[in-house]
Amino acid sequence: MTYLPFPDISPDIFSISLFGMTFALRWYALAYIAGLVIGWRIVTALVRRPALWRDGPPMTAAQVESLLTWIILGVILGGRLGYVVFYQPAQFLADPAQILRVWEGGMSFHGGFLGVVAATLIFCRNQRIPLLPTADALAVATPPGLLLGRIANFINAELWGRPTTLPWGVAFPGEAAQTCPGVIDVCARHPSQLYEAALEGLILGAVLLILVVRHGWLKRPGQTFGLFLAGYGLARFIVEFFRQADAQFITPDNPMGHVLQLGAAGMSMGQLLSLPMILAGLLLIVLARRRA
């Protein structure tokens, strides 16, 4: 069997020991920071180009900075609470203190997305800013963060894919190397994190940017945001066929965790949560084009 060895990359960029304590900057944290900063600069660049909008930019550059603070809170709180509710509610109900231990990992994109939606709704209402044009700008700004976040997942050797014999399968270290049924030698897996980085970050981001800058998609409020929802949902739905299910969904009668044991038409949790995004995105696109 051919496969690619996992690259020797430490999850920590650097670490410092002071007074008996170790402080480290991790690639995952840097991905979050860089994604938010890049997104902020993209939205600022968009609102400084009035020609891109039908009725002018929805906010000023100064308001974009204020919105960034709300977005950060939405991402962290929504991502953590989404992981608790969607993926491991029983474990966290048994020990609620774990909810606050964000440094131990456990964030949900769908939860973070809902957190950003809530933060944007509150901010737009308080500032009397039009909601749909703001959502369109945020949609363009989000894919770079998704790209960097999935690359960080790969560096952390987490969220790996299902076993494969394809030549680009990666032999991940740790638990991933020990859970391939019937495999004695090397357990190679789909690098599903990189699949997501390409689909959700690179391709979706490039399509949105081209449509916005060259084809005037911001002139139809809600259309760009709708395409982001549908595009992300479709990309995530596809990648779920290659991504290993979370441990809590693996049971003796379902050793690979291919489907949820919830009667959900054989869909994974990621696919189940992505379907509403796809439907809502398509509906937004249709409504935006009808209004125009």
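The values are calculated or read from the model by the stated rules, or taken from the named source; none is laboratory data. Keep in mind the model is a prediction, meaning the values are calculated, not measured. Glycine gets a Cβ as well: all are built from the backbone with ideal geometry, and neighbour counts include every protein chain shown. Surface accessibility is based on the protein's heavy atoms, side chains included, excluding ligands, DNA and RNA. Shrake-Rupley method; radii C 1.70, N 1.55, O 1.52, S 1.80 Å.
Data for the structure
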item	result
Where chymotrypsin sites (Phe, Trp or Tyr not before Pro) fall in DSSP loop in region 147-238, at most 15 other Cβ within 10 Å	W168
Spacing of the two label points (7 Å from each Cα toward its C-beta) at L68 and I238, in nm	3.3
Cβ-defined net charge surrounding F237, 14 Å radius [Lys, Arg +1; Asp, Glu -1]	-1
G222 long-range amide H proximity, modeled H, under 5 Å	D136
Spin-label model distance (nm) - A51 vs R289, 7 Å beyond Cα toward Cβ	2.6
Per-residue SASA entry for I122, accessible area with 1.4 Å probe, Å² rounded to 10	80
Sequence-distant residues sharing a close amide H with R243 (under 5 Å, placed H)	R162
Per residue accessible area of region 102-222, 1.4 Å probe, in Å²	46
For region 141-150, 3J(HN,Hα) per residue [Karplus equation, 6.51 cos²θ - 1.76 cosθ + 1.60, θ = phi - 60°, Hz, x = Gly/Pro]	7, 7, x, x, x, 5, 4, 5, x, 5
A171 long-range amide H proximity, modeled H, under 5 Å	L4, F6, R189
Within-12-Å neighbourhood charge of A157 [Cβ basis; K, R +1; D, E -1]	-2
Heavy atoms of M107: accessible area, 1.4 Å probe, square angstrom to 10	60
